[in-house]
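Colleague: A single structure is presented below for examination.
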Amino acid sequence: MATPDEATRIMVAGLAGSGKTSILKHLKPSAFFLPGPTMAFNCECVIFRGVSYMIWDLAGARNLICLWKFYLPGVKIMWWCVDDNDDHERLSESAQALRDLLKLRNEITHFVFVTTAITDTEPTLTPARIDKYFSSSLNHMHQRGIEVSRAHYNIQGNSPFLPLFPTAKNRKKALL
Ligand SMILES: Nc1nc2c(ncn2[C@@H]2O[C@H](COP(=O)(O)OP(=O)(O)OP(=O)(O)O)[C@@H](O)[C@H]2O)c(=O)[nH]1
Ligand SMILES: [Mg+2]
């Protein structure tokens, strides 16, 4: 098994209540998580399909977003969580937070846009709607050659994990 230092790091960011910790809880059911909103971060080593990942689930509260920059150096893979039911205001806020984060020096090679929901219904955040709010960040990542993929996750825990993780090819890129 890889040591934490050898594991591929994944940074999980997004506004408060967007489902970051819920996903991590399902990925690592044996871990203990304090109830309620995350106050700083959770960090768990997860093995998926034989590969070790160190997953950093960051607090999304407004007064804690300023801390994300400290976790960014060296991160190649990012999951950006958005509640599928978010309204215009929250989507705008999430889009602004992502723009601000991407302005910082970073080494991201793979970005997963994760919409979360508590039901099994089809996502209401269609690609067109995502593009409406997040186009500048998506264009920026496209220009930088960052792989962008999408996952829709039911935070009650019955979604496949596969779309969250990079393909073997993208993982190799993240290890370079
Ligand atoms: N009923 C219930 N809902 C919960 C519980 N924990 C989280 N939730 C809800 O599930 C949604 C996602 O919560 P989290 O996964 O904690 O969200 P998060 O992105 O980690 O949020 P922060 O840690 O604040 O950044 C939110 O609507 C929460 O209110 C719980 O123990 N019980
Ligand atoms: Mg949390």
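The values are calculated or read from the model by the stated rules, or taken from the named source; none is laboratory data. Just so we're clear, the structure is a prediction, and the values are computed from it rather than from any experiment. Positions of Cβ are generated from backbone atoms using ideal geometry, with glycine treated the same way; all protein chains shown enter the neighbour counts.
Colleague: Scan the stretch 1-30 residue by residue and report those that are surrounded by 14 or more Cβ atoms within 10 Å (Cβ to Cβ), within 16 Å of ligand 1 (Cβ to nearest atom) and more than 20 Å from LEU102 (Cβ to Cβ).
Modeller: GLY17, GLY19, THR21, SER22, ILE23, LEU24, LYS25, HIS26, LEU27, LYS28
Colleague: Failed condition for GLY14, given (1) among the small types (Gly, Ala, Ser); (2) within 13 Å of ligand 2 (Cβ to nearest atom); (3) over 15 Å from the mean Cα position of the chain (by Cα), with all others met?
Modeller: Tallying (1) among the small types (Gly, Ala, Ser); (2) within 13 Å of ligand 2 (Cβ to nearest atom); (3) over 15 Å from the mean Cα position of the chain (by Cα), GLY14 fails exactly one: (3).
Colleague: Being within 16 Å of ligand 1 (Cβ to nearest atom), in contact with a strand residue (DSSP E or B) (Cβ under 6 Å, 6 or more places away or on another chain) and not aromatic (Phe, Trp, Tyr) is the filter here, so list the residues in the stretch 60-81 that pass it.
Modeller: GLY60, MET78, CYS81
Colleague: Is it fair to say CYS43 is surrounded by fewer than 11 Cβ atoms within 10 Å (Cβ to Cβ) and at pLDDT 95 or above? Working first, answer last.
Modeller: Values: surrounded by fewer than 11 Cβ atoms within 10 Å (Cβ to Cβ): no; at pLDDT 95 or above: yes.
No; evaluated as a whole, the condition is false for this residue.
Colleague: Find the residue count for the stretch 98-123, including only residues that are closer than 16 Å to ILE77 by Cβ and acidic (Asp, Glu).
Modeller: Qualifying residue count for the region: 1.
Colleague: For GLY36, indicate whether it is at positive phi, within 14 Å of ligand 1 (Cβ to nearest atom) and touching a Phe, Trp or Tyr at 6+ places or on another chain (Cβ under 9 Å). Let's see the steps before the verdict.
Modeller: Numbers: at positive phi: yes; within 14 Å of ligand 1 (Cβ to nearest atom): yes; touching a Phe, Trp or Tyr at 6+ places or on another chain (Cβ under 9 Å): no.
No; evaluated as a whole, the condition is false for this residue.
Colleague: Continuing with this model, one more query. Output the residue which, of all residues in the stretch 82-97 that are more than 14 Å from ligand 1 (Cβ to nearest atom) and of a type outside the set (Asp, Glu), is surrounded by the fewest Cβ atoms within 10 Å (Cβ to Cβ).
Modeller: Result: HIS88.
Colleague: Looking at ILE118, ILE155, ILE108, which is the one that is β-branched (Val, Ile, Thr), closer than 15 Å to TRP80 by Cα and modelled with pLDDT under 95? Reasoning before the result, please.
Modeller: Values: ILE118 fails: closer than 15 Å to TRP80 by Cα; ILE108 fails: modelled with pLDDT under 95.
None of the other options fit; the residue is ILE155.
Colleague: Next question. Tell me which residues, restricted to the stretch 16-32, are among the aliphatic types (A, V, I, L, M) and assigned to a loop (DSSP other than H, G, I, E, B).
Modeller: Filtering the stretch 16-32 for residues among the aliphatic types (A, V, I, L, M) gives 16, 23-24, 27, 31.
If the condition is that a residue be among the aliphatic types (A, V, I, L, M) and assigned to a loop (DSSP other than H, G, I, E, B), then ALA16, ALA31 are the ones that fit.
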